[in-house]
Amino acid sequence: MSYGYADRSDEEPLYVDDEPPHEARLAGRAASTVLAFVMLALAFVLFGLSGSVSGGAQPWLFCGAIAAFALAYAIPTAILPALEDR
């Protein structure tokens, strides 16, 4: 009869679901965090430039800033978890 973790020897490490941690996943999370911060900084720069530029570039800079902000939010919350589940 098994009592779960109580009958395991102390020499074996205990992991959640008996899977060792994945170092590649941690590296991917770190890279995605840096990418998200870069996209957020890019969004603020583009918002600032769209206020100082006149002419036909202003709407494009503003739309680019909105897209960069959307990606900065979507990368860590939606895109990366979907890729990790594959």
Could you please find all residues in segment 39-56 being open to solvent by 50 Å² or more (accessible area, probe 1.4 Å) and either basic (K, R) or touching a residue at least 24 places away in the same chain (Cβ under 8 Å) (or both)?
L40, L42
Give the residue, chosen from P21, P59, that is over 14 Å from the mean Cα position of the chain (by Cα), open to solvent by 50 Å² or more (accessible area, probe 1.4 Å) and at pLDDT below 80.
P21
State yes or no: is A41 under 12 Å from the mean Cα position of the chain (by Cα) and assigned to a helix (DSSP H, G or I)?
no
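The values are calculated or read from the model by the stated rules, or taken from the named source; none is laboratory data. It should be emphasised that the depicted structure is a prediction, and the values quoted were computed from it without experimental measurement. A quick note on method: Cβ atoms are made from the backbone with ideal geometry, for glycine too, and the neighbour counts reach across all protein chains shown. With ligands, DNA and RNA removed, areas are computed over all heavy atoms of the protein, side chains included. Shrake-Rupley method; radii C 1.70, N 1.55, O 1.52, S 1.80 Å.
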